[in-house]
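To keep things clear, I will list the structure first and then write my remarks on it.
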Amino acid sequence: MTTTAAPDAGRSAGDVHYPVTLTTADGVRLDIAVPDGGDVVTAARGAGLVLPSQCGQGTCGSCHATARGAYRLGPHSPAALPPEQEAVGGVLLCRTYPLGGVQVQVSYPRSRIVDGGIGRREGTIEAVTSIAHDTVWLRVQAAPDAAAGTGVEFDPGQFVELQLPGDDRRRAYSMANTPNWDGELEFLIRLHEGGYFSGYLADLLAGRRPLGERIVLHGPTGAFALRESGLRPRWFVAGGTGLAPLLSLLRRMAEWGEPHPARLLYGVTAEHDLPDLPVLAEITDALPGFELVPCVWQPGPTWTGRCGTPADVLAEDLAGLRVTAAPDVYVCGPPLLVDAVQQVVRAAGLPDGHVVTERVLPT
Ligand code: FES
């Protein structure tokens, strides 16, 4: 709930700071002071704590949290924070301006908050492969550095920002693989007509640019992750390139031999959008309890699989489930899909804690 309180009397606005307490999912408490008129993400960064965030403009939803106390929410997209979440204390920390003391609960553990600053690393583009008519698989080799050596460390579900040579712009992409000692990073990228990064990748695909060019990697960061909740089944729901972080989570489960029953509902518009991804077969082989469920929204006459959006298929499959078998649902994709899945999960009577979300915005 948003409430208001007057700033400290007798001091100029620039001197006024409000106490904000952040509590992480693993119970760690962090105290920061936010200047009057400042937002929580920026103030935390000033205190040497980089919170998971991306756009800084209230549009991506990656800084979502819940809050109690005196604060004002700045302009933001309802896709990033739907009104019904705002009504029960949902906030976007990049748009949260304290007006007094605020207690913030974040959904991720302390390890997702980076001390100091976001890492910066050089890399080279090693391969670009077309896997569907509008999607490519990108492989980047991180250059060894003094801090990380030859490997790449990140938590499955996280993302980095890629910066192309000679350009200040950055684009955020989730890793589709898992941390490794070889320094390899894999990404799934949708090609958009006229898109900035898309044009670059299209040139690489067509051989108009050489492979091996240097890029800069900023990160890792991001709060999307597997939750520890016993042996509850894990259902993964993906649309578009939201598949990438879910592949990372599934590959981690395969590496660790995790026994949870797992399903991946992957939605595409038409059959020809289904990606040719050998890694899906590898996951199927490595995880005995895994089932891949392609969902086609506009199927052709020969399609014999599931029809509808992944949210439609999820609703069908949740119907009739006993509560004791209720899965955790991990959803990553466009905001419309994420919102639809949240509604389906709620309508099925699953507690809010059963759904873990990540919104993918067009870049
Ligand atoms: S970083 Fe706050 S909504 Fe994107």
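Listed values, structure above:
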{"quantity": "Members of region 146-177 found to be at positive phi, assigned to a strand (DSSP E or B) and either modelled with pLDDT of 90 or more or touching a helix residue (DSSP H, G or I) at 6+ places or on another chain (Cβ under 8 Å) (or both), listed by number", "calculated": "none"}
{"quantity": "Odd one out for VAL88 among (1) part of a loop (DSSP other than H, G, I, E, B); (2) within 16 Å of the ligand (Cβ to nearest atom)", "calculated": "(2)"}
{"quantity": "Which listed residue, of ARG95, ARG110, ARG29, is away from the ligand (no atom under 15 Å from the Cβ), open to solvent by 10 Å² or more (accessible area, probe 1.4 Å) and farther than 17 Å from GLY222 by Cβ", "calculated": "ARG29"}
{"quantity": "Test for TYR71: is it surrounded by 22 or more Cβ atoms within 10 Å (Cβ to Cβ), away from the ligand (no atom under 11 Å from the Cβ) and not aliphatic (A, V, I, L, M)", "calculated": "yes"}
{"quantity": "Cross-chain or 6+ apart pairs with Cβ under 9 Å, region 336-360 first and more than 16 Å from PRO78 (Cα to Cα), then open to solvent by less than 30 Å² (accessible area, probe 1.4 Å) and among the charged types (D, E, K, R)", "calculated": "LEU350/ASP328; GLY353/ASP328; HIS354/ASP328; VAL355/ASP328; VAL356/ASP328"}
{"quantity": "Neighbours by Cβ (under 6 Å, 6+ apart or cross-chain): first from region 213-237, polar (S, T, N, Q); second in a strand (DSSP E or B) and at pLDDT 90 or above", "calculated": "SER229/ASP328"}
{"quantity": "Residue in region 45-66 that is farthest from the ligand (Cβ to nearest atom), counting only those that are in a strand (DSSP E or B) and under 21 Å from ASP339 (Cβ atoms)", "calculated": "THR66"}
{"quantity": "Which listed residue, of SER130, SER77, is of a type outside the set (Asp, Glu), modelled with pLDDT under 95, within 26 Å of VAL331 (Cα to Cα) and not in a loop (DSSP other than H, G, I, E, B)", "calculated": "SER130"}
{"quantity": "Number of the exception - ALA244 against (1) part of a strand (DSSP E or B); (2) buried (at least 22 other Cβ atoms within 10 Å of the Cβ)", "calculated": "(1)"}
{"quantity": "Subset of region 249-302 (residues that are part of a helix (DSSP H, G or I) and β-branched (Val, Ile, Thr))", "calculated": "VAL279, ILE283, THR284"}
{"quantity": "Inter-residue pairs, beta-carbon under 6 Å, first in the same structural domain as PRO334 (by the TED database) and in region 63-87, second within 14 Å of the ligand (Cβ to nearest atom) and at pLDDT below 90, 6+ apart", "calculated": "none"}
{"quantity": "Odd one out for ARG139, checked against (1) modelled with pLDDT of 95 or more; (2) open to solvent by 30 Å² or more (accessible area, probe 1.4 Å); (3) touching a His at 6+ places or on another chain (Cβ under 6 Å)", "calculated": "(3)"}
{"quantity": "Residues of region 311-363 that turn out to be touching a Cys at 6+ places or on another chain (Cβ under 6 Å) and part of a helix (DSSP H, G or I), as a count", "calculated": "1"}
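A quick yes/no check of all residues on (1) more than 18 Å from ARG252 (Cα to Cα); (2) without any contact (Cβ under 8 Å) to a residue 60 or more places away in the chain; (3) crowded, with 16+ Cβ neighbours inside 10 Å; (4) not hydroxyl-bearing (Ser, Thr, Tyr):
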site	(1), (2), (3), (4)
GLN158	no, no, yes, yes
GLN163	yes, yes, yes, yes
ASN177	no, no, yes, yes
PRO210	yes, yes, no, yes
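The values are calculated or read from the model by the stated rules, or taken from the named source; none is laboratory data. What you see is a predicted model, and the numbers here were worked out from it, not measured in a lab. Heads up, the Cβs are rebuilt from the backbone with ideal geometry, glycines too, and the neighbour counts pull from every protein chain shown. The accessibility values were calculated without ligands, DNA or RNA, using every heavy atom of the protein model including side chains. Shrake-Rupley method; radii C 1.70, N 1.55, O 1.52, S 1.80 Å.
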